[in-house]
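Please read the structure below before turning to the comments.
Every read-out reported here was derived from the displayed coordinates using simple, explicitly stated rules and does not represent laboratory data. Note that the structure is a prediction, hence the values are computed from the model and not measured. Every residue, glycine among them, receives a Cβ derived from its backbone with ideal geometry; neighbour counts consider all protein chains shown.
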Amino acid sequence: MDSPAPDTYPETMSPGFSPLPGSLDCAAILEQLPLALALVDPGNGQFIRSNAAFRQSFGLPTRPYPDWWRQVHASPLLPPDTPCVCSPPPDGSARDDIESDMLGIDGRPRHLRTQARRHGHLLLLCFVDLTDNDSRQDLLRQALAEMEARSVTDPLTGLLTRRRLEEASLSEMHRFRRFGHPISLIIADIDHFKHINDTHGHPVGDQVLVDFAQRLSSECRDLDVLGRYGGEEFIVLLPSTPLAGAITLAGKLRLAVCQQPFAQVGTVTASFGVAECVSEEHWNAWLTRADRALYAAKHAGRNRVEAAPESAFDERSIKHRNRLDRLTWEDGHCVGDPIIDAQHQNLFELANRLLNLVREAGPPAEIHATIRALSDATRRHFRDEEAILATVAYPRHEQHAKAHRVLSAKLDALSGQSAMGTLPTGKLIEFLAYDLVDHHALGADRDFIPWLRRGPRDPAPLDD
């Protein structure tokens, strides 16, 4: 094959790849690929072809390949006699991936991976731009967070879904059994909602649901978990709240609904059932008692609050118990690895600092800085924990790493909202209390304790 003159391409070849007999028959595809590609004659180092992505990154090369390689690796910020960042591949040989900083046509350095492969009697160069890899990872984490948010958020009201409500309830029940924090729930059901739909139509009925959700939200605390359980039925999960406190809140919710008319439909009422979780009770049993109380309120005439009588606490004992508004580190939280335990304790401390700032309406800049510190510490912890789990052959290592990615995505999303001044306090507290602490540090992280105890060289236990 005849090679072009050393410093020029024939005009018919300058746009990029053109068909070469016996060489490339997919010129149009190669020209459109986003990867920068070039063909080099290893005999004389001359560039034979380049595609559009290559020319956009480096322009049209006018020097033989070894000279061009040294040129794009010479930084103008360094003295002229400074050696190249990395040596060029051996003449004419194929090389595995080489990562290096290269100067683009705009004079700015880019971090690229270079692959050199034989293609017939030519050398095919492929350049993968890694400069924006962190940005791409951020976009991926944001996409994961968005997918997760859609799966746990009711699209009409913006409240939590039934699945997420049940997950939060199980976490609080675990806290109740382990640390003695009381927990109650309220079931709210709009009275005669079918009549609203039949009379005014489903679009109006949907708006009533949205307005109803907003009225409930306005009376709940940041720590309370509110969701739509199905249809016109809503649940409020009340951490650190005994039966008496839940009954009081249910009364406020009832008044918030009935005292102000709803647009287009007028006065709307709702009935409420309340129940406190008691010892050794499962979720379905607890929910059933609250549902029976709701039925009693409906049967007694609607627009009422009724409560299941069982309670594990009295007001005097409640005053001496810690509340959920502080995440307290205890020796019982340890998993047995000094690195993981020290990092867990640090995350608890950062989470507490953040909760205090939010609770005291601290400066937004300080809140955002603390979120970033928590995000950085969380990412370091996830990286170190995954390395430790790999050494002990934890069989659910990949699933655990996936959970880490989802948590990182959620924290990144909260950080972004904080930077824009739109951080929802309730979602931040929910993330810290349920996702990061209960579900992960005090939940999933305890599953690998048996493998940590056996150490890296011991046989792994059976995975049941």
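Observations
- Highest to lowest packing among 395-403, 284-292, 43-51, scored as the average C-beta count within 10 Å: 43-51, 284-292, 395-403
- Whole-Hz couplings from phi, Karplus 6.51/-1.76/1.60, listed for region 106-117; x for Gly and Pro: 8, x, 8, x, 10, 9, 10, 9, 9, 10, 10, 9
- Two-site label geometry, ILE449 and ALA300: point separation in nm, points 7 Å out along Cα→Cβ: 4.3
- Region 353-401 and region 189-262 have Cα centres separated by 34 Å.
- Across region 331-454, counting alpha-carbon atoms alone, Rg and Dmax equal 14.8, 47 Å.
- Among 227-239, 342-354, 106-118, the order from most to least packed when residues are scored by Cβ within 10 Å on average: 227-239, 342-354, 106-118
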